[in-house]
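Reviewing the structure listed below.
The values are calculated or read from the model by the stated rules, or taken from the named source; none is laboratory data. Here the structure is a predicted model, which is why all the values come from computation and not from measurement. Cβ coordinates were reconstructed from backbone atoms using ideal geometry, including for glycine residues, and neighbour counts include every protein chain displayed. For the accessible areas, the whole protein counts, side chains as well, though only heavy atoms, and no ligand, DNA or RNA atoms are used. Shrake-Rupley method; radii C 1.70, N 1.55, O 1.52, S 1.80 Å.
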Amino acid sequence: MRKQGKYGFNPVKIIKLTDQNRQRTFDLHLYQPKNRQPQKTPVIIVSHGLASHPNDFSSLGKQLASYGFLVAIPQHIGSDQQQLENMLNGYSRELYDLQEFINRPLDITYVLDELERRNKQEFNNRLSLDKVGVIGHSFGGYTALSVAGATWDFQNIKNYCNRQVWEANLSMLLQCQTLDLPKQEYNFRDSRVAAIAIINPVNSVIFGSQGLSKIDIPIIISAGTNDPATPPIIEQIRTFAWVKSEDKYLFVMEGQAHFLNPPEQNNQINNLINLLVDFKNVDDNLFTTYNNTKSIAFLKFHIAENNDYELYLYPSYWQQISDENYPIYWLDKSAVNELVNTYNRFKPAAIPTLSPN
């Protein structure tokens, strides 16, 4: 899985979509296998993070396509790189539009609806759309959890955000702003989503244990030990304990920070990032290798239903390939109770005790 798959990939295709109901127009980047496979083509949607862009996931898109997936990456206008540039250049007062908490999961559902509409004419009816996977990074992790069934918990948001002492968690600044949205039920579950892979997700406050307990589909949660934006002990370990899925995995990489691809082309953006976080990422090639490998294995097994990839989902495999300078910690459902006990023993006093659902 470190090498390109046997199906190859076509050049990225960018199409412009307009959801008339929301008056929302955005680009969709499509990566497709070059060579035809005998079975229908499984579909993966990727949701980028705050101030990011679909291009940041081109490596993953190409690699997944070469293993037989169609990969669709929507540009979430209002919380993408362009929105950040607009703010830095004085064209916007906000880093992101608050409505993005609603629009992002609706983007995923709209993309799936659109692929269904185009399937017969543009894809020879070969797309498999009743069982799709979603990958999400950071704000995209929130997006993936939303379409997987996590529901908002305003009481939990209020309890956390009105505390006098906050945890060291930059993502709370994002999550607490949802208190300015109407207090109503927000449920974006899309029944076509059958598995999710989330990286450095924003999630613990907006969903809480009750909202995350609604997830019962396969999930892999990835974290980095050097992530101050969504700290793993707060934003990922709690998520791992709270989701109810029988097939759940926690992937923690030593040294990985929050940003997958630093936006080197814009000095203003770099300066802003350096003010917010101590940006020290692991080697890009190493992280890309690990990320592509776990994503392909997880999705080939749980979405493409290829049992040959199950062996890559065992802790023993990752212990074997782990780099000694940037070790990997891989846990599955069997480790939940031990993880919770260790978490409660060593957590800071300001962080509530953790209980598995």
- Query: Counting Lys and Arg as +1 and Asp and Glu as -1, what is the net charge of the other residues whose Cβ lies under 12 Å from the Cβ of ILE73?
  - Reply: -2
- Task: Compute the separation of the alpha-carbon centres of the stretch 1-78 and the stretch 188-212 and state it in Å as a whole number.
- Result: 21
- Task: Just the ratio, please: alpha-carbon radius of gyration of the stretch 84-217 over 2.2 N^0.38 Å, N its number of residues.
- Result: 1.18
- Message: With equal scatterers on the alpha carbons only and no solvent term, can you work out the Debye log10 of I(q)/I(0) for the chain at 0.10, 0.12 1/Å?
- Response: -0.57, -0.85
- If amide H atoms are modeled at 1.01 Å from N in the peptide plane, then the residues at a separation of 5 or more from GLY5, or on another chain, having amide H under 5 Å from its own are SER66, TYR67
- 222 nm mean residue ellipticity, helices alone, for the chain (DSSP H n ≥ 4; -39,500 (n - 2.57); rounded to 500): -10500 deg cm²/dmol
- Task: For the chain, give the magnitude of the charge dipole about the Cα centre (Cβ charges: +1 Lys/Arg, -1 Asp/Glu; no others), in debye to the nearest 20.
- Result: 800
- Message: Beyond a 27 Å Cα-Cα separation, which of these cross-linked pairs lie in this structure: LYS13/LYS120; LYS16/LYS214; LYS3/LYS34; LYS158/LYS333; LYS40/LYS333; LYS62/LYS244?
- Response: LYS16/LYS214; LYS158/LYS333; LYS40/LYS333; LYS62/LYS244
- Query: What does the accessible area of LYS183 come to, in Å² to the nearest 10, when a probe of 1.4 Å is used?
  - Reply: 130
- Can you pull the percent of the chain's accessible area that's carbon plus sulfur, 1.4 Å probe, other chains left in place? 45
- Item | Radius 12 Å from Cβ of ASN103, net charge of other residues (Lys, Arg +1; Asp, Glu -1) | -2
- Report the antiparallel proportion of the DSSP beta bridges in the chain as a percent, rounded to a multiple of 5. 40
- Item | Two-site label geometry, ARG126 and GLN319: point separation in nm, points 7 Å out along Cα→Cβ | 4.2
- Item | 18 Å tail of the calculated P(r), the stretch 1-117, as % of Cα pairs | 54
